[in-house]
Amino acid sequence: MRTDPKVSIKGLYKIFGPDPESVLPAVLGGMNKPDLLERHGHVLGLQDINVEMQTGEITVIMGLSGSGKSTLIRHLNRLIDPTAGEVLVDGEDVLGYSEDRLRRFRQETMSMVFQKFALLPHRTVLQNAGMARRVRGEDDAAASREGRKWLTRVGLSGYEDAYPHQLSGGMQQRVGIARALASDSPIMLMDEAFSALDPLIRTDMQDLLLELQTELHKTIVFITHDLDEALKLADHLVILKDGYVVQQGEPQQILLHPNDPYIEDFVSDINRARVLRVRSVMQPVASGNGHDFAGIVEANDTLEKLISLSGGDTTKAYRVQKSGEDVGVLDMKDLVRALVPAAPAQTGAVR
Amino acid sequence: MAFYDGLFDTLGLRDWCDAGQETGPMSMAQLLAQSSGATGAAEPATPLLQTPFPSLDTLHEACPAIAQTRDMTTGVENAFLAIKNPLKVILDPITQPLSWLLDGSLAFFHAVPWFILIPALLMLTYYATRRWGVTAFVAVSFLFLAFIDHYSYAVETLSIIFVCTMISVALGVPLGILMARSDTMQKISIPILDMLQTLPTFVYLIPLIFLFSVTESKLYGIAIILYAIVPVIRLTDLGIRLVDRDVIEAADAFGMTDRQKLFGVQIPLALPNIMAGINQTIMMSLAMVVIASLVSAPGLGVLVLRGIRNLELGVGLVSGFGIVLLAVLLDRTTKAALGRINASYKT
């Protein structure tokens, strides 16, 4: 476990219904979702969520619809209040905030990007992008300057005076991202931000996000129901099912060692060669001295790249380097073995 | 011998019933019976199929101690008259500005000469709609009304509608916002609004005539506003409740205050609905201003009333057509203005 997480969620429960407090003891006592609904008429939204999100990382929360992922992200900026538990941001309990403090927190510390963009339809693109600044009470000049800067950064210069309905979905979401970035908040929440977009545009937007992240190093919480998207973006992956965390950890590890049949089902469908990286399947350094190396590869290359590099020859082995240093050895046989989904690991989550 | 005599007899209430009998006045039926010389004993029994409903009047026949329906309506009247004076003490000062506004507006519209007022109205129309077609239609309508000497009547009607709509909007939009923000407020308001909308228009006038003098202009002002304010309240409430939840959530997520949310998001996004409400309010005040001519509201309604009273068919029809013309031009103008707003609010 690493130190000082930016955001940490501890023992979070959310129960929906007329009187959630009254059934909380039953839930803490281990009552499951169907029983709670049948006996008490309450819906268990989230149960015992413990997640830590590190500064500068993209934490992806993945789950199917109804798994509680949108509910979970709304607890971070308290659009929804939990029934029990803690949400700590920079060590401060967000739940203890007064209304004023909470408003300032939302204005300055967390920004949000929405699935349906949620732009103000009666304001221009520039006004939308500068919204966070204006809400904070800064003058028009500052709002326009920041808005313009970030619109340019997301590739929308020239559209400042258009209205949102004149733009395509992908462009509208770029405005949404510019709006969130313009607030200059260290934490960015993205609620299924790319789910409403066409597959090609979605890929573009993912690339844009990764590119921005390499220079901005924001703490990003990203919600998605798409495993490919999750694996592409995640530094830390949290998989939710029916309101509880099934598994969380480094995405490559989850892929190689799923600890639940539910996750196995999930990962069995994806193109492992494209998602898995060399570093995940290589042997650590020094163990491969006897090898005859066919070449040098980067630790972050995908297996797909290796396959085409080797021409499908499984007898080859490669020296793996990371920023110029030897870090390990990749045997093509290991690579091929990793392409077949493994049986669920007995050891649980990594982190 | 009345039908329900037996009932009171068996209940043992006969003494109570007859206690005050001597003092009561004789009914027409009793007088007839007396003059024909017949006694109650000769009356044939009522067949079962013709059993009368045990209403107040029927029961009164059998038992004079029970009040008649006439006494009930008198009671309502007395109760109203009893609260009338205290009510007047409160309502009179509150509503007095309405009289001033209506009279002032009428005086203003009369004072401005036609060759200034008509171009001014046309400019206003063009400013609101940005359409030459609608402006030309308004111009032709006014010139026609002026040509057939209905100009001053039409302007009077317009003046009343102008004042009443302004007040309806000034009161209705805040009320609608309150309704949208609180479910309790909505639950309380909806039955009242339903009642205002379904109450026959003439019924408004009855208590108002008792409360205020017919010579005061606020009498018809209040009647028109009560009737016409409903749509603007309803549609403001609806408009604000219909604002996209996602946009509201975004506003919350970026830490907007309630005030910023109301003026920066909710009202602008509800504006198309609010404008539709204002359009309806104008139409309804036009409908009411005609009926209000019964209580001395000036304008085209007076001519319609003259047509009915004196059976002057031509006068009634022409002024009726004038009202239709006014209605159409007000509707087209506000609809065109609404369309202009809608176009820039697409989501």
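Of all residues in segment B:215-269, which are over 21 Å from the mean Cα position of the chain (by Cα), crowded, with 17+ Cβ neighbours inside 10 Å and assigned to a loop (DSSP other than H, G, I, E, B)?
B:VAL243, B:PHE254, B:GLY255, B:MET256
Taking A:ASP326 as the residue in question, decide whether it is in a strand (DSSP E or B) and among the charged types (D, E, K, R).
Working: in a strand (DSSP E or B): yes; among the charged types (D, E, K, R): yes.
When the stated conditions are applied, A:ASP326 passes them.
Being within 14 Å of chain B (Cβ to nearest Cβ) and at pLDDT below 90: is that true of A:ALA180 here?
Working: within 14 Å of chain B (Cβ to nearest Cβ): yes; at pLDDT below 90: no.
Against the criterion (within 14 Å of chain B (Cβ to nearest Cβ) and at pLDDT below 90), A:ALA180 does not qualify.
Can you work out which of the residues in segment B:195-208 that are over 25 Å from B:ASN85 (Cβ atoms) and part of a helix (DSSP H, G or I) is least open to solvent (accessible area, probe 1.4 Å)?
Of the residues in segment B:195-208, the ones over 25 Å from B:ASN85 (Cβ atoms) are B:197-198, B:200-201.
Going one step further and asking which of them are part of a helix (DSSP H, G or I), we end up with B:197-198, B:201.
Values: B:GLN197: 72, B:THR198: 108, B:THR201: 25 Å².
Among those residues, the one meeting the criterion is B:THR201.
Tally up the residues in segment A:7-51 that are touching a residue at least 60 places away in the same chain (Cβ under 8 Å) and either surrounded by 14 or more Cβ atoms within 10 Å (Cβ to Cβ) or under 18 Å from the mean Cα position of the chain (by Cα) (or both), please.
First, the residues of segment A:7-51 that are touching a residue at least 60 places away in the same chain (Cβ under 8 Å): A:7-15, A:20-21, A:24, A:33, A:44-51.
From what's left, either surrounded by 14 or more Cβ atoms within 10 Å (Cβ to Cβ) or under 18 Å from the mean Cα position of the chain (by Cα) (or both): A:7-10, A:12-15, A:20, A:24, A:33, A:44-51.
So the count comes out to 19.
Across segment B:132-146, what is the total count of residues that are among the small types (Gly, Ala, Ser) and touching a residue at least 60 places away in the same chain (Cβ under 8 Å)? Don't jump to the end; show me each part of the working.
Just the residues of segment B:132-146 that are among the small types (Gly, Ala, Ser), to begin with: B:133, B:136, B:139, B:141, B:146.
Still in the list and also touching a residue at least 60 places away in the same chain (Cβ under 8 Å): B:141.
Total satisfying the criteria: 1.
From B:ARG259, B:ARG234, grab the single residue that is assigned by TED's automatic domain parsing to the domain that holds B:MET166 and either β-branched (Val, Ile, Thr) or out of contact with any Leu (no Cβ under 7 Å at 6 or more places or on another chain) (or both). Full working, then the answer.
Numbers: B:ARG234 fails: either β-branched (Val, Ile, Thr) or out of contact with any Leu (no Cβ under 7 Å at 6 or more places or on another chain) (or both).
Of the residues listed, the single one that is assigned by TED's automatic domain parsing to the domain that holds B:MET166 and either β-branched (Val, Ile, Thr) or out of contact with any Leu (no Cβ under 7 Å at 6 or more places or on another chain) (or both) is B:ARG259.
Over 21 Å from A:GLU57 (Cα atoms), outside any loop (DSSP other than H, G, I, E, B) and touching a residue at least 40 places away in the same chain (Cβ under 8 Å): does that describe A:GLN127?
When the stated conditions are applied, A:GLN127 does not pass them.
Do the conditions hold for B:GLY307, that is, is it surrounded by 17 or more Cβ atoms within 10 Å (Cβ to Cβ), in contact with a Gly (Cβ under 6 Å, 6 or more places away or on another chain) and away from chain A (no Cβ under 14 Å)?
Working: surrounded by 17 or more Cβ atoms within 10 Å (Cβ to Cβ): yes; in contact with a Gly (Cβ under 6 Å, 6 or more places away or on another chain): yes; away from chain A (no Cβ under 14 Å): yes.
Taking the combined requirement at face value, the residue satisfies it.
How many of the residues in segment A:194-223 are closer than 22 Å to A:VAL89 by Cα and among the small types (Gly, Ala, Ser)?
Of the residues in segment A:194-223, 0 are closer than 22 Å to A:VAL89 by Cα and among the small types (Gly, Ala, Ser).
Out of contact with any strand residue (DSSP E or B) (no Cβ under 9 Å at 6 or more places or on another chain) and either closer than 24 Å to A:VAL94 by Cα or outside any strand (DSSP E or B) (or both): which single residue out of A:PRO25, A:PRO5 fits that description? Quick ask: steps written out before the conclusion?
Numbers: A:PRO5 fails: out of contact with any strand residue (DSSP E or B) (no Cβ under 9 Å at 6 or more places or on another chain).
Residue meeting the stated conditions: A:PRO25.
Just checking, how many residues over segment A:289-312 are out of contact with any Lys or Arg (no Cβ under 6 Å at 6 or more places or on another chain) and either open to solvent by 60 Å² or more (accessible area, probe 1.4 Å) or in a helix (DSSP H, G or I) (or both)?
Number satisfying all stated conditions: 12.
The rows are residues; the columns are (1) aliphatic (A, V, I, L, M); (2) out of contact with any Pro (no Cβ under 6 Å at 6 or more places or on another chain); (3) part of a helix (DSSP H, G or I).
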{"position": "B:GLN186", "(1), (2), (3)": "no, yes, yes"}
{"position": "B:LEU193", "(1), (2), (3)": "yes, yes, yes"}
{"position": "B:PHE210", "(1), (2), (3)": "no, yes, yes"}
{"position": "B:SER213", "(1), (2), (3)": "no, yes, no"}
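Only one residue in A:PHE222, A:PHE194 is aromatic (Phe, Trp, Tyr) and within 15 Å of A:MET53 (Cα to Cα), so which one is that?
Working: A:PHE194 fails: within 15 Å of A:MET53 (Cα to Cα).
That would be A:PHE222, the only listed residue that is aromatic (Phe, Trp, Tyr) and within 15 Å of A:MET53 (Cα to Cα).
Restricting attention to segment A:101-117, and to residues there that are under 29 Å from B:ASN342 (Cα atoms) and among the hydrophobic types (A, V, I, L, M, F, W, C), which single residue is nearest to the other protein chains (Cβ to nearest Cβ)?
Going residue by residue through segment A:101-117, those that are under 29 Å from B:ASN342 (Cα atoms) are A:112-117.
Then drop every residue that is not among the hydrophobic types (A, V, I, L, M, F, W, C), which leaves A:112-114, A:117.
On the way: A:MET112: 4, A:VAL113: 9, A:PHE114: 6, A:PHE117: 8 Å.
So the residue we want is A:MET112.
Assess whether B:THR165 counts as being surrounded by 22 or more Cβ atoms within 10 Å (Cβ to Cβ) and of a type in the set (Ser, Thr, Tyr).
Values: surrounded by 22 or more Cβ atoms within 10 Å (Cβ to Cβ): yes; of a type in the set (Ser, Thr, Tyr): yes.
So B:THR165 passes the test.
Within segment A:139-166, track down each residue that is touching a helix residue (DSSP H, G or I) at 6+ places or on another chain (Cβ under 8 Å), loosely packed, with under 15 Cβ neighbours inside 10 Å and within 14 Å of chain B (Cβ to nearest Cβ).
Across segment A:139-166, the qualifying residues are A:ASP140, A:ASP161.
Condition first: over 9 Å from A:GLY243 (Cα atoms) and touching a strand residue (DSSP E or B) at 6+ places or on another chain (Cβ under 7 Å). Now tell me which residues in segment A:34-53 satisfy that. Give the derivation first.
Applying the first criterion (over 9 Å from A:GLY243 (Cα atoms)) to segment A:34-53 yields A:34-43, A:50-53.
The answer is A:LEU36, A:LEU37, A:HIS42, A:VAL43, A:ASN50, A:VAL51, A:GLU52, A:MET53.
Under 9 Å between Cβ atoms, which residue pairs at least 6 apart in sequence (or on different chains) link something in segment B:169-190 that is within 9 Å of B:ILE233 (Cβ to Cβ) and assigned by TED's automatic domain parsing to the domain that holds B:LEU271 with a partner that is of a type in the set (Val, Ile, Thr) and open to solvent by 70 Å² or more (accessible area, probe 1.4 Å)?
B:MET179/B:ILE188
Please determine, by comparing only the residues of segment B:93-130 that are buried (at least 17 other Cβ atoms within 10 Å of the Cβ) and modelled with pLDDT under 90, which one is nearest to B:PRO298 (Cα to Cα).
Ranking the qualifying residues of segment B:93-130, first place goes to B:THR95.
Looking only at segment A:183-196, filter to residues that are away from chain B (no Cβ under 12 Å) and open to solvent by 10 Å² or more (accessible area, probe 1.4 Å); which one of those is farthest from A:THR109 (Cα to Cα)?
Only one residue fits best here, namely A:SER195.
Out of curiosity, is A:GLN173 open to solvent by less than 60 Å² (accessible area, probe 1.4 Å), more than 14 Å from A:LEU126 (Cβ to Cβ), within 14 Å of chain B (Cβ to nearest Cβ) and within 20 Å of the chain's Cα centre (by Cα)? Steps first, please.
Numbers: open to solvent by less than 60 Å² (accessible area, probe 1.4 Å): yes; more than 14 Å from A:LEU126 (Cβ to Cβ): yes; within 14 Å of chain B (Cβ to nearest Cβ): yes; within 20 Å of the chain's Cα centre (by Cα): yes.
Considered against the rule, which asks whether it is open to solvent by less than 60 Å² (accessible area, probe 1.4 Å), more than 14 Å from A:LEU126 (Cβ to Cβ), within 14 Å of chain B (Cβ to nearest Cβ) and within 20 Å of the chain's Cα centre (by Cα), A:GLN173 comes out as yes.
Restricted to segment A:71-100, and to residues that are within 24 Å of A:ILE177 (Cα to Cα) and not β-branched (Val, Ile, Thr), which residue is farthest from the other protein chains (Cβ to nearest Cβ)?
A:ASP90
Go through segment B:310-347 residue by residue and tally those that are among the charged types (D, E, K, R), within 14 Å of chain A (Cβ to nearest Cβ) and assigned to a helix (DSSP H, G or I).
Filtering segment B:310-347 down to residues among the charged types (D, E, K, R) leaves B:312, B:331-332, B:335, B:340, B:346.
Checking the rest, the ones that are also within 14 Å of chain A (Cβ to nearest Cβ) come to B:340, B:346.
Restricting the remaining residues to those that are assigned to a helix (DSSP H, G or I) gives B:340.
Final tally of qualifying residues: 1.
Restricting attention to segment A:118-132, which residues are more than 8 Å from chain B (Cβ to nearest Cβ) and crowded, with 24+ Cβ neighbours inside 10 Å? Quick ask: steps written out before the conclusion?
So in segment A:118-132, the residues more than 8 Å from chain B (Cβ to nearest Cβ) come out as A:123-130.
Within segment A:118-132, A:VAL125, A:ASN128, A:ALA129, A:GLY130 qualify.
Taking segment B:316-330 only, how many residues are open to solvent by less than 30 Å² (accessible area, probe 1.4 Å) and without any contact (Cβ under 8 Å) to a residue 40 or more places away in the chain?
Number of matching residues: 2.
Among the candidates A:PRO261, A:PRO284, which residue alone is open to solvent by 70 Å² or more (accessible area, probe 1.4 Å) and within 25 Å of A:LYS33 (Cα to Cα)? Write out each step before concluding.
Details: A:PRO284 fails: within 25 Å of A:LYS33 (Cα to Cα).
Selected residue: A:PRO261, the only one of A:PRO261, A:PRO284 that is open to solvent by 70 Å² or more (accessible area, probe 1.4 Å) and within 25 Å of A:LYS33 (Cα to Cα).
The values are calculated or read from the model by the stated rules, or taken from the named source; none is laboratory data. It should be emphasised that the depicted structure is a prediction, and the values quoted were computed from it without experimental measurement. Ideal geometry is used to build each Cβ from the backbone, glycine not excepted, and the neighbour counts take in all protein chains shown. With ligands, DNA and RNA removed, areas are computed over all heavy atoms of the protein, side chains included. Shrake-Rupley method; radii C 1.70, N 1.55, O 1.52, S 1.80 Å.
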